[in-house]
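Read through the structure below, which is laid out as structure tokens, and then see the notes.
Any read-out appearing in this document is the output of simple, stated calculations on the displayed coordinates, not a laboratory observation. What you see is a predicted model; the values in this text were computed from it and never measured. So basically every Cβ, Gly included, is an ideal-geometry build from the backbone, and we count neighbours across all protein chains shown.
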Amino acid sequence: MAMIKSIIIQNLSKTYPGVKALDGLSCEINSGEIFGFIGPDGAGKTTLFRILTSLLIPDEGTATVDGDDVVKDYKSIRAKVGYMPGKFSLYQDLTVEENLKFFAGVFKTTIAENYHLIESIYKQIEPFKNRLAGKLSGGMKQKLALSCALIHKPVVLFLDEPTTGVDAVSRKEFWEMLHQLKSTGLTIVVSTPYMDEAALCDRVALLQNGKILSIASPQEVVAQFPHKLYGIKAKKLYALNELLKQENQVHSTYLFGDNIHLVLQQNASIEQLMGNIKERNFDDVQWEIISPGIEDCFMELMREA
Amino acid sequence: MKTAVTVKNLVKKFGSFVANDNLNFEVYQGEIFGFLGANGAGKTTAIKILCGLSKPTSGEITVAGFDVYKQTEEIKKNIGYMSQKFSLYDDLTIQENIRFYGGIYGLSNAAIKTKTNQYMEALDLHEYAKSRVSDLPLGIKQKLAFSVAVMHEPKIVFLDEPTSGVDPITRRQFWDMINAEAEKGTTVFVTTHYMDEAEYCHRISIMVDGRMDALDSPLNLKQQFKVDSIEKVFIQLARKATRSE
């Protein structure tokens, strides 16, 4: 089935003094999907979002959003995208309701007209509608910002790092809201430095130093991991990881919570290595073959790059 | 085991709001102590008190053996601090930052010189020798910030979300530095939103609504809550929270 393309990005580059923020980036985003740009700070996520929302002009390359060119057609783009920047950007000295009214007014609509789009999110903060936005908690600010980004019925919603610095519970709730929004047919483009959130997207682009390392569904990214991965457990995990780093049969060894993720060099034998390890004061060591996660893939791709 | 931090009945109120609601815990020397909690649970308030920057409403608290009411200057000399939001001065170079912090903590010129060379070498900073800190990649900046935070060999170092936004390989290198520092006997008090990092701590505490609702090793907490990850422990506890920031 041919997918309708909501966003087409071709060869985008952007350089700031001394830094290549985007380096020939190309990618297509389907209509109605949740697409995630996953990468650390400095990968180029915010630069890309600012170009796609027409707030920044690229040095090279082109991009269209819903058929409109991000440079030439900036006026129509601004009317049909919703953008929630990483930094809270609403008016702190206006109330919750005043902020929402303001954004509706700017886009020549009213709260009443599009209330159905924001209802499930806005009703959670509606009891505080007379409170100044600057006095809201982090979670409430986020819900208000999302409401303001949706009130003009955008066809594409851009969310730049909505969950950074947010605790695990609030992150989970935020993603539940996004999945609800997706069911209305909205295209959602989201960025995050948390690798585990990749699994919540339909497709992801792994981004590092302005380049895409991989672009696929989270399942495909994981399926493309080129090695057999072992999960290693032992009581003295940090010391064991330091020891494994020195072994020349080891391709990579990383701590992953309560175990080590280990990849061996070709032709190396796990039985032999573990036998060796046991004799060196790690007699409780246990190992098994495990499935890689997005973070394993990201690190492998970083090593290859 | 020697204690680095002792907290008895710590209460901190802002008006009628109870930010810290009778906290009791100890942190041991050389321990990596994870300080977790939902946004608004009261972590920042407690850290400020432990760093001598804010006075508790009541309770008996000592840090590195010093009293948080009367000996805040001694506390500041004996702790290190870094956070994601503030660590180094962006518009100074690497060497200027090291010099500045060395000076603040009263290191001799010779010691500052030795430390500077040591960090340039260990963190492979030569290509950035003349750069301002604002031009450093985040990962390198955070590793340098940590080195600077422990430059004066504090008894305790407080790390407030030190790896937020850092790439996964650098994040692990950062934790290697934390482990190496703890093995030297420095106590590490760390907050994070990465639940895998919670597993690297010797013990973790989880704050909910100003209270400390859990405190144990990651393994014991998982067994107690009958789940296979700290993330699940965290979610079970933090779901009970009735307040946010």
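Output the pairs from B:K8/B:K155; A:K108/A:K135; B:K12/B:K76; B:K155/B:K222; B:K8/B:K70 with a Cα-Cα distance over 22 Å in this structure; if there are none, say none. Provide the component values of the computation, followed by the final result.
On the way: B:K8/B:K155 20 Å; A:K108/A:K135 27 Å; B:K12/B:K76 20 Å; B:K155/B:K222 30 Å; B:K8/B:K70 16 Å.
Table pairs above 22 Å Cα-Cα are A:K108/A:K135; B:K155/B:K222.
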Cα Rg, Dmax (largest Cα-Cα span) when computed across the stretch A:229-304, Å: 11.7, 33
Derived scalar couplings ³J(HN,Hα) [the stretch A:290-305; Karplus, 6.51 cos²θ - 1.76 cosθ + 1.60; whole Hz; x for Gly, Pro]: 10, 8, x, x, 4, 5, 4, 5, 4, 5, 4, 5, 5, 5, 5, 5
First measure r as the distance between the Cβ atoms of A:H251 and A:H116, then evaluate 1/(1 + (r/R0)^6) with R0 = 56 Å and state the FRET efficiency to the nearest 0.05. 0.60
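Which whole number of Å³ per residue matches the convex hull of the alpha-carbon atoms in the stretch B:1-104? Before the final figure, lay out each step's value.
Numbers: hull volume 13.6 nm³, N = 104.
Spelled out: Cα convex hull of the stretch B:1-104, divided by residues, is 131 Å³.
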Residues in the stretch B:199-215, backbone N under 18 Å from the label point at A:R131 (7 Å along the Cα-to-beta-carbon vector): list them, ranges by number please. B:209-210
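So between B:D176 and B:K85, what do we pick up on full extension, going 0.36 nm a residue minus the alpha carbon distance?
30.6 nm
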Round to a whole angstrom and tell me the spacing of the C-alpha centers of the stretch A:128-151 and the stretch A:1-43. 28 Å
Near the amide H of B:V208, under 5 Å away, which other amide H atoms are found, from residues 5 or more places off or on another chain, if H is placed in the peptide plane? B:D213
Cut-off under 13 Å on the C-alpha distance; same-chain residues fewer than 8 positions from A:K123 excluded. Which aspartates and glutamates are left, in chain and number order? A:E97
Can you work out the Karplus-derived ³J(HN,Hα) for every residue in the stretch A:66-78? Use 6.51 cos²θ - 1.76 cosθ + 1.60 with θ = phi - 60°, whole Hz, and x for glycine or proline. 6, x, 9, 6, 6, 9, 5, 9, 4, 5, 6, 4, 4
Counting only other chains, and only Cβ atoms inside 10 Å, what mean value do you get across the residues of A:168-175? 5
Under a point spin-label approximation (7 Å from Cα along Cα-to-Cβ), what is the B:I104-B:T3 distance to one decimal in nm? 2.9 nm
Ignoring everything except DSSP H segments at least 4 long, calculate the 222 nm mean residue ellipticity for chain A; use -39,500 (n - 2.57) per segment, divide by total residues, nearest 500. -10000 deg cm²/dmol
Can you tell me the mean projection area, over all orientations, of the convex hull of the stretch B:173-245's alpha carbons? Units nm², please. 5.4 nm²
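I need the helices of chain B that pass two filters: whole DSSP H segments spanning 18 Å or more by Cα along the axis, and mean Kyte-Doolittle score no lower than -1.0. Write out the running numbers ahead of the final one.
Numbers: long enough: B:109-122 (19 Å, -0.91); B:168-183 (23 Å, -0.77).
The answer, listed by residue number, is B:109-122, B:168-183.
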Straight distance only, please: which lysines reach the Cα of A:K228 with their own Cα at less than 19 Å, same-chain residues fewer than 8 apart left out? A:K245
Which residue fluctuates most in the GNM of chain B (Cα springs below 10 Å): B:Q71, B:Q29, B:Q224? B:Q224
To the nearest 0.05, what FRET efficiency results for B:D216 and B:E121 with a Förster distance of 51 Å applied to their C-beta separation? 0.85
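Would you mind checking the pairs A:K80/B:K85; A:K143/B:K85; B:K2/B:K48; A:K14/A:K75; A:K5/A:K80; A:K14/A:K141 and listing those with alpha carbons more than 25 angstrom apart? Mind showing how you got there, number by number?
Values: A:K80/B:K85 34 Å; A:K143/B:K85 23 Å; B:K2/B:K48 23 Å; A:K14/A:K75 21 Å; A:K5/A:K80 15 Å; A:K14/A:K141 31 Å.
Cα-Cα > 25 Å for A:K80/B:K85; A:K14/A:K141; rest within.
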Pop a pseudo-label 7 angstrom from the Cα along the beta-carbon direction at both A:E173 and B:F17 and give the gap in nm to one decimal. 1.7 nm
Rough spin-label spacing in nm, given labels placed 7 Å along Cα→Cβ, for B:K240 and A:K123: 2.9 nm
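For the protein assembly as shown, what is the convex hull (Cα atoms) projected area averaged across all directions, in square nanometres?
Values: hull surface 109.9 nm².
So the Cα hull casts an average projection of 27.5 nm².
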Give the relative contact order (percent, whole number) for the stretch A:5-218; include only Cα pairs under 8 Å separated by 6+ residues. 32 percent
Using eta = 1.567 mPa s and T = 4 °C, Stokes-Einstein with Kirkwood Rh from Cα pairs puts D for chain B, in µm² s⁻¹, at 69 µm²/s
The ratio Rg/Rh over the Cα atoms of the stretch A:5-218, Rh being the Kirkwood inverse mean 1/r radius, stands at 0.95
What whole-number distance in Å separates the alpha-carbon centres of the stretch A:263-305 and the stretch B:124-167? 29 Å
